[in-house]
């Protein structure tokens, strides 16, 4: 077996190959578009990791919601729940956290900040809960219901910032800013990096431990990998596990929204998320649903987004190319998985086609 | 009703419309067909019988060019043929109606009939297509509205459409896979009458079925497959239900009762059902007022032809299915070995350690002690002769026999009070099968209450202390004797 085949067979190797393929394709497209590759690459580097400011205030700030929401997607996918509504759950969480924050003006931070984040989690869980109930009661595919709920949440936020939560002068479609005390503290003086990043990393470690070491985590994995066997051999209540995981996933995505308003924007407006909920799907898949790898993948995508902004500003290369990388990474991971399946077919016996 | 009779196709020589000889087909490590022979006389209705997994559908898919045989010959009207695809078989005059219809619900009848027309440049002419459906309707009596949407058709009409599709391509040999499975009794009668008329016009029909009584009533000839081999073939006039059932499930009915001495005296009832009924989600009654018990230290054998209620009975006994009526007593610690091990027993993508932990997964709380599960998986591997690299091997990487040994070992771990086993040797080679049966016997000696179902009657009879036979949702106790069981299997008990 040559080195490439070995790499394809390891999970991390597959992700690395997919990423390199995506970067290569986008590089070729950028070159074909007549842009100076060297200039673009320098701008990408400078905008993401080239200086302490770009790394701590650009890359890691963008990585924070990607990690938290990436965990939401990874946990759901582990149970076989295809929650692609993290964007909507994030928006619901952001709106709820903002509402709580504005309502608690004047309260001490150690009460109002946790209350905001809890409100975000509850709203995210409620948003996912609609899809979970539809699935459990009527068999509605969550891929469709969660995707549609994204639009409901998006227009819900539009309504809030143009209606009940709009700032008093009615000049801009956005809320008032949170009071200083109601914000997540900055953890490095002079940078924008806030406590949310620490929360994200702690959550990733906790999720990794939970899925790996607890009985509930094992049930989640077993239901995702073989629901019929879990039900028959383990007498696991598959419906309950799916329902619970769905709510937990929504809560995590909602927390991502809460962290974003309390740590970065300090106010709610329509474009509060540049599609973090969708990018989080790429993060989770690139991380092969492993919570620890979600941190790495989240920082990688955070760097791409920060660097992409720099690339557009300094080299005139549209940041859209960076989003193309994200999409190509997903396709690359799926393609490499196919190859792995075929490669694995030689070593593992496949179940014979059912003969009747 | 005059079907265009072809002068060049009289029922003279060749006497056989379809001849399959020495057909062998393997899927991965599973042998689906093992040198099967199948001869269909021209101008007859031939029933192909066998239990689930006997290889009936695979054999007919080979005849229809959907699959390619590993070995064996196919002859149509006495001419040797090699199919590259179904298109070749269709061109040779073979048509097949699959158990699950291959129709596009959103399209009309005429559109569905025209779907298989060859040629990229040939346009679709709606009027000509409709005319063709009407013409076939008047010629054959299979009348359908060409403009009707398939989604609006009843199941019987959809099946007529499938036949019309085959006739539109001039099929002379029609193969139908379980054609009456989805039909009401009245629709079945109608279909059979039509098939008889089709045969009377000189054409040939093969029906795949496991309904013995129906096959004997309407077919000229019967062939029975078991485990990929032809075990019985002949004219339906010379065969009776018991002989056919015996061939299907693998028992020579004339054989004496096997001398299964009941070595251990059974103890108290461990599993018991009283007046249990089960109704499935489609509203079909699967079990009717069943009462039975399994005592400690005995093996109760369960037999039943496909769909007779044994599937549900086993799951009620194992506590995996809740009865709609009646009283069920099963112990808390009960092992269950389902037939479909890669779906219901194991998670192929998980390690053996994780698959061992699976059995506690529904009730486990708190933190999982993986070290302990790994040790238990290692002990199971050692204790039950599972050939694998170790507890960290993926379950999907094991051979079928080793997977089954691991599942059985897992379910026997920690001395369960009862064990429910379904088709335990399906797909295993002789050595692995013997090992599994030996494990069941030693479980009985250890005082476990064992219930075993197998679609192979010889196998159940060889290990059972008592027999329960399922027929149409009823469970009847019979002697441990092939003749008695065969009669009960068709409701003559």
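The values are calculated or read from the model by the stated rules, or taken from the named source; none is laboratory data. Note that the structure is predicted; figures quoted are calculated from it, not measured. Every residue, glycine among them, receives a Cβ derived from its backbone with ideal geometry; neighbour counts consider all protein chains shown.
Of note:
- Among the residues of the stretch B:351-365, those that are in contact with a helix residue (DSSP H, G or I) (Cβ under 6 Å, 6 or more places away or on another chain) and facing chain A (nearest Cβ under 7 Å) comprise B:357, B:358, B:359, B:361, B:364, B:365.
- Screening B:161, B:142, B:183, B:176 for residues that are closer than 24 Å to residue B:62 by Cα, assigned by TED's automatic domain parsing to the domain that holds residue B:217 and not in a strand (DSSP E or B) leaves exactly one candidate, B:161.
- Flag for residue B:415 being surrounded by fewer than 22 Cβ atoms within 10 Å (Cβ to Cβ) and not in a helix (DSSP H, G or I): yes
- Once the stretch A:122-139 is narrowed to residues that are without any contact (Cβ under 8 Å) to a residue 24 or more places away in the chain and over 18 Å from residue A:241 (Cβ atoms), the residue that is surrounded by the fewest Cβ atoms within 10 Å (Cβ to Cβ) is A:138.
- Residue B:443 surrounded by 20 or more Cβ atoms within 10 Å (Cβ to Cβ), over 17 Å from residue B:305 (Cα atoms), in contact (Cβ under 8 Å) with a residue 24 or more places away in the chain and in contact with a helix residue (DSSP H, G or I) (Cβ under 7 Å, 6 or more places away or on another chain): yes
- Among the conditions (1) without any contact (Cβ under 8 Å) to a residue 40 or more places away in the chain; (2) more than 11 Å from chain B (Cβ to nearest Cβ); (3) under 30 Å from residue A:81 (Cα atoms), residue A:158 misses just one, which is (1).
- Close pairs (7 angstrom Cβ cut-off, 6 or more residues apart or separate chains): without any contact (Cβ under 8 Å) to a residue 24 or more places away in the chain in the stretch B:447-476, assigned to a loop (DSSP other than H, G, I, E, B) and buried (at least 21 other Cβ atoms within 10 Å of the Cβ) anywhere: none
- For residue A:174: the one exception among (1) at positive phi; (2) more than 14 Å from chain B (Cβ to nearest Cβ): (1)
- Among the residues of the stretch B:379-401, those that are surrounded by 16 or more Cβ atoms within 10 Å (Cβ to Cβ), more than 10 Å from chain A (Cβ to nearest Cβ) and under 22 Å from residue B:437 (Cα atoms) comprise B:380, B:381, B:384, B:386, B:388, B:401.
- When residue A:246 is tested against (1) within 24 Å of residue A:133 (Cβ to Cβ); (2) within 14 Å of another protein chain (Cβ to nearest Cβ); (3) assigned to a helix (DSSP H, G or I), just one condition goes unmet, and that condition is (2).
- Selection from the stretch A:251-298 of residues that are touching a residue at least 24 places away in the same chain (Cβ under 8 Å) and assigned to a loop (DSSP other than H, G, I, E, B): A:266, A:267, A:268, A:270, A:272, A:273, A:274, A:275, A:287, A:288, A:289, A:290
- Failed item in (1) buried (at least 24 other Cβ atoms within 10 Å of the Cβ); (2) closer than 21 Å to residue A:204 by Cα, with residue A:278 passing the rest: (1)
To keep it simple, each residue is scored yes or no on (1) touching a residue at least 24 places away in the same chain (Cβ under 8 Å); (2) within 16 Å of residue A:98 (Cα to Cα); (3) surrounded by 17 or more Cβ atoms within 10 Å (Cβ to Cβ).
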site	(1), (2), (3)
A:165	yes, yes, yes
A:169	no, no, no
A:175	yes, yes, yes
A:194	yes, no, yes
A:198	no, no, no
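- Taking the criterion of being assigned to a loop (DSSP other than H, G, I, E, B) and touching a helix residue (DSSP H, G or I) at 6+ places or on another chain (Cβ under 7 Å), the only residue of the stretch B:81-96 that qualifies is B:83.
- Annotation: of all residues in the stretch A:222-233 being surrounded by 24 or more Cβ atoms within 10 Å (Cβ to Cβ) and in contact (Cβ under 8 Å) with a residue 12 or more places away in the chain, the one that is nearest to the other protein chains (Cβ to nearest Cβ) is A:222.
- Flag if residue A:272 is away from chain B (no Cβ under 14 Å), over 14 Å from the mean Cα position of the chain (by Cα) and surrounded by fewer than 19 Cβ atoms within 10 Å (Cβ to Cβ): no
- Residue satisfying all of: in the stretch B:162-181; within 16 Å of residue B:101 (Cα to Cα) and without any contact (Cβ under 8 Å) to a residue 60 or more places away in the chain; nearest to the other protein chains (Cβ to nearest Cβ) among these: B:180
- Selection of the stretch B:441-484 for residues being within 24 Å of the chain's Cα centre (by Cα) and part of a helix (DSSP H, G or I) yields B:457, B:458, B:459, B:460, B:461, B:462, B:463, B:482, B:483, B:484.
- The numbered conditions (1) facing another protein chain (nearest Cβ under 10 Å); (2) touching a strand residue (DSSP E or B) at 6+ places or on another chain (Cβ under 8 Å); (3) within 25 Å of residue B:295 (Cβ to Cβ) are all true for residue B:348 except (3).
- Test: residue B:408 is surrounded by fewer than 22 Cβ atoms within 10 Å (Cβ to Cβ), assigned by TED's automatic domain parsing to the domain that holds residue B:302 and touching a strand residue (DSSP E or B) at 6+ places or on another chain (Cβ under 8 Å): no
- Of all residues making up the stretch B:88-104, the number that are under 27 Å from the mean Cα position of the chain (by Cα), more than 14 Å from chain A (Cβ to nearest Cβ) and over 17 Å from residue B:19 (Cβ atoms): 7
- The set of residues in the stretch A:100-121 that are part of a helix (DSSP H, G or I), buried (at least 20 other Cβ atoms within 10 Å of the Cβ) and in contact (Cβ under 8 Å) with a residue 40 or more places away in the chain comprises A:101, A:112, A:113, A:116, A:117, A:119, A:120, A:121.
- Scanning the stretch A:202-219 for residues that are more than 10 Å from every other protein chain (Cβ to nearest Cβ) and crowded, with 20+ Cβ neighbours inside 10 Å returns A:203, A:204, A:207, A:211.
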